[in-house]
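Please read the structure below before turning to the comments.
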Amino acid sequence: MGENYNWNLKDIFKEEKDFLNSQDQLRENLQKIKEYQGKLNSAQNIYECYNFYEKSLELYEKIYAYGMLNFHLNMADSNNIKLYKKVEDIGTEFEKVTAFITPEITNLDEKIILGFIDENKYLKRYERILKKIVDEKKHILSKEEENILANYSQILSNMENTYDILTNTEFKFGKIKLTDQNEVEMTDATYTKFLKDRDENVRIQAFNLMYKKYSEFINTITELYLARARENTITARVRKYESSLAMAVDKDDSSMKVYDALIEAVHKKMNVNHNFMKLKKQLLKKDQMHLYDIYVNPIEKEDDEISFEDAKKEVLNALSMLGEEYTKKLNEAFDNSWIDVYEKPNKRGGAYSMGVYGVHPYVLTNFISNKRDVSTIAHELGHSMHTYYSNKNQNIIDSNYTIMVAEIASTTNEILLAKYQIEHEDNKEKKATIIYELLEMIRATLFRQTMFAEFEAKVHYRIEQGEMLSSEELNDMYYKLNEEYFGKDVVIDENIKYEWARIPHFYTPFYVYKYATGISAAIVIAKNILNKGPEYVEKYIQMLSMGCTKKSVELLKMVDVDLEDIGTYEGAIDFYKELIEELKEVM
């Protein structure tokens, strides 16, 4: 394997002395930042403080990336472990030193802050972050009240910690008898694998073992979850929000209209998901399809193998429509060690993209020559290209795009790749497999996550109305949602009522809806790229270049995606419907 398949971390620091010098420079900058504490009462002081903060952030991002990336290459190496702990300590110090900046500016009168922006032309560089402070000012409490909330935050987070400990370390699910009569211990990690097993008896065992355990602890988990939800609603009330949902969407750069439009559109076109369930049942050749059957791929085939060089060609061909510069940068990523490609002993598992401001993004994959790995490469390079354009066009403070848009570029790439593969695949079974896997991704991300989002909204609303909810009521609420979302062609097994209790995302209230809005936006963007050509691509690249300089909802309007409009989600579901019909034709 050539060096091109491994990260070149010398792009961050050529030599060890450069790494050490950057740490010294960062410490000097942090000392200078400390000097502004208690003095952020003039335009000049605020500008100078932010200027040092910006330079410090650039240094810190390189230092942290260098430590983390080295660690992930070999997580058993004691030197790498020490290095990573060291950069984590530097991060803690960075946060401690700079923690005074936002609260101190928040304490200034709104008119004074806006006046400073007009008064000092250099301060315009930090206009977005200052106006964000002004926008959030009405929800910021007094210094004393903020301190009280901060002191309680660690205690309040114990609900999630207790839940994690309980479900990850205390739960023992029992053994499953496999087709060959061998018995193996089921874990949370292996549960999904067993649900995909071709042997129905294995699936039934896995399903029942999972929910038997959750049913045994359902009252404890109910109290933990309701305590988290109550804490969230109280915090929203204290911070003068209309509701906990209003607080969540405000923090997301989103709105109540986005949440409502998503759920309304999904309900309006729920029959499309029911149609996919009906087709799935037919493909599985089952008289009755249970919830434990839906993860089985009915189009079974052996996984195709592909070399990394062929995977590279496929990604480049599929994404060539994104323009000359985009393609040139993809080639640079492949040819200049942006990607650490293959599995290695003690290398971190999975895949991710990490931007390093002033350098370039780094991508981690664990390529095993499986055809599915091609989609992973396209996905992570979507993140990388979003980061590349954002970093190229914005300062480091404004380049950090929000979670609301973070998965859109990556998912757009996945969809463009899948459409390319479908178009260029002659083998009917392979073509059907690609279509089916794309359908499953949309079902799991758009419909399933919206169901979760609806459950959360119902629970928080009833708490805000002063209702005392029980485990039976939560179970019943969740069971009925499954009936609505899956339709009459799926047997809604009694045990599914406990599934809500095993969704850890619920302890980060109103997080999951962003998966559904993200894939909806990506579908609309991918369709427009395919149908509208270079003029639309130019708008898309411009959107990727904006970082967080616009609110997320406004940012997406640049590419004709209005998340507050029900039509956006209807368009995404129509794409889902077209794929269902295409799969029927192919099969």
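The values are calculated or read from the model by the stated rules, or taken from the named source; none is laboratory data. Treat the numbers as computed from the prediction; the structure is a model and nothing was measured. In this analysis, Cβ positions are derived from the backbone assuming ideal geometry, glycine residues included, and neighbour counts consider all displayed protein chains.
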Would you check if Ser375 is polar (S, T, N, Q) and crowded, with 19+ Cβ neighbours inside 10 Å? yes
Which of the residues belonging to region 357-387 are farther than 18 Å from Leu319 by Cβ, of a type outside the set (Val, Ile, Thr) and out of contact with any strand residue (DSSP E or B) (no Cβ under 9 Å at 6 or more places or on another chain)? Tyr357, Gly358
Return the residues of region 189-237 that are out of contact with any Leu (no Cβ under 7 Å at 6 or more places or on another chain), over 19 Å from Thr167 (Cα atoms) and of a type in the set (Val, Ile, Thr); say none if nothing qualifies. Ile204, Thr233, Ile234, Thr235
Just to verify a result, which residue in region 476-515, among those that are assigned to a helix (DSSP H, G or I) and among the hydroxyl-bearing types (Ser, Thr, Tyr), is farthest from Phe217 (Cα to Cα)? Tyr515
Please work out if Tyr122 is over 22 Å from Asn232 (Cα atoms) and of a type in the set (Phe, Trp, Tyr). yes
Quick check: anything in region 388-398 modelled with pLDDT under 95, of a type outside the set (S, T, N, Q) and surrounded by fewer than 24 Cβ atoms within 10 Å (Cβ to Cβ)? no
Which listed residue is among the hydrophobic types (A, V, I, L, M, F, W, C), surrounded by 18 or more Cβ atoms within 10 Å (Cβ to Cβ) and either on the phi > 0 side of the Ramachandran plot or part of a helix (DSSP H, G or I) (or both), from Ala265, Ala227: Ala265
Let me spell it out: the conditions are (1) modelled with pLDDT of 90 or more; (2) out of contact with any helix residue (DSSP H, G or I) (no Cβ under 6 Å at 6 or more places or on another chain); (3) assigned by TED's automatic domain parsing to the domain that holds Val202; (4) part of a helix (DSSP H, G or I), and Thr169 meets all of them except one. Which number is the exception? (1)
Sole miss for Glu494 among (1) within 26 Å of the chain's Cα centre (by Cα); (2) at pLDDT 95 or above is condition (1)
Could you figure out which of (1) at pLDDT 95 or above; (2) surrounded by 15 or more Cβ atoms within 10 Å (Cβ to Cβ) isn't true of Ile299? (1)
Condition check for Gly518: among the small types (Gly, Ala, Ser), in a loop (DSSP other than H, G, I, E, B) and buried (at least 18 other Cβ atoms within 10 Å of the Cβ): no
Residue hits (region 540-574; crowded, with 19+ Cβ neighbours inside 10 Å, part of a helix (DSSP H, G or I) and of a type in the set (A, V, I, L, M, F, W, C)) are Met543, Leu544, Val553, Leu555, Leu556, Ala572, Ile573
Note on region 399-437: residues in a helix (DSSP H, G or I), of a type in the set (Val, Ile, Thr) and under 24 Å from the mean Cα position of the chain (by Cα) are Ile403, Val405, Ile408, Thr411, Thr412, Ile415, Ile434, Ile435
Could you check region 401-456 and list, in sequence order, the residues that are more than 22 Å from Gly323 (Cα to Cα) and of a type in the set (Val, Ile, Thr)? Thr402, Ile403, Thr433, Ile434, Ile435, Ile442, Thr445, Thr450
Of all residues in region 196-215, how many are over 17 Å from Phe171 (Cβ atoms), assigned to a helix (DSSP H, G or I) and either among the β-branched types (Val, Ile, Thr) or touching a residue at least 40 places away in the same chain (Cβ under 8 Å) (or both)? 4
Residues Asp293, Asp287: which one is more than 27 Å from Arg462 (Cβ to Cβ) and in contact with a Leu (Cβ under 7 Å, 6 or more places away or on another chain)? Asp293
Within region 286-295, is even one residue within 27 Å of the chain's Cα centre (by Cα), under 22 Å from Lys527 (Cβ atoms) and in a loop (DSSP other than H, G, I, E, B)? no
Step by step: first the residues of region 236-245, then only those that are in a helix (DSSP H, G or I) and surrounded by 18 or more Cβ atoms within 10 Å (Cβ to Cβ), then the one that is nearest to the chain's Cα centre (by Cα). Which residue is that? Leu245
Among the residues that make up region 175-187, is at least one of them closer than 30 Å to Lys301 by Cα, surrounded by 18 or more Cβ atoms within 10 Å (Cβ to Cβ) and under 28 Å from the mean Cα position of the chain (by Cα)? yes
Go through (1) touching a Ser or Thr at 6+ places or on another chain (Cβ under 8 Å); (2) closer than 23 Å to Tyr295 by Cβ and name the single condition Tyr211 misses. (1)
